[in-house]
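Inspection log for the structure reproduced underneath, given as structure tokens.
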Amino acid sequence: MKQIRTRLTYANVMSSIAVFLVLGGATAFAASKIGSNQLKSNSVTTGKIKKEAVTTAKIKKDAVTGAKVKESSLGEVPSAANAANANAVNGMHLGRINFVAGANTSNTTIFSANGLTLNASCDAGEELNVTATTSVSNSEIYESGNFNDTYAGGWDDNFDVGDTEPVGEEIGDGTQQEVQGQLVYSNPTGGIVTIQFSLNDNEEAFGGTQVCSVEGTVQFS
């Protein structure tokens, strides 16, 4: 102890205090002044960030872009649900049928929705044949038009899977070259299809070229 007291001079004490002050001040300075430029790249990892430390207020505006978002984590945007149904008016969809073909055109599907399928073909004699089938049994189908210059129609209230209904029958049997009319289809599940159609296999309508055509507008739920 005597030896320690002999070495404990004013200068030694003051220098020791100065060292402690410098070290303590440097630590405090370092703790309060370390900026992002002083951090080593990749030194702050996810595991070192305190839970809920990064809040919305601490995220720079526009820092999170679409490229940084995992798409599978997002739900459907409300307006996107409407966009998927953009071609519907009051729940009814609108469409168009446009079939023009020459001779020897095999059966082609020209419309399909709500269980109803329309097929059209143009045979070797350039005669148009249009038929309707259904994938829902106990459906109903009604057709009307200017067949043989008289507004007539047909009705099948038991339109089942496997049945085939002719559309514009006079066109198919060659007794009439033009037919305008309407087809209405409904099924037990609530599906409804309404078609305004024009059938034609009259070469005069196509500038002397013999073709078959089906034109129409479609409305379906």
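Nothing in this text is a laboratory measurement; each read-out follows from the coordinates by a stated rule. Computed from a predicted model, the values in this text were never measured in an experiment. A quick note on method: Cβ atoms are made from the backbone with ideal geometry, for glycine too, and the neighbour counts reach across all protein chains shown.
A few remarks follow.
- Here the peptides 43-53, 177-187, 155-165 are ranked by packing, the mean other Cβ count within 10 Å, and the order with the highest first is 177-187, 155-165, 43-53.
- Hydrodynamic analysis of the range 90-220 uses the Kirkwood radius over alpha carbon pairs. Inserted into Stokes-Einstein at 10 °C and 1.306 mPa s, it gives a translational diffusion coefficient of 107 µm²/s.
- Placing a pseudo-label 7 Å from each Cα along the Cα-to-Cβ vector at Asn146 and Lys60 gives an inter-label distance of 7.2 nm.
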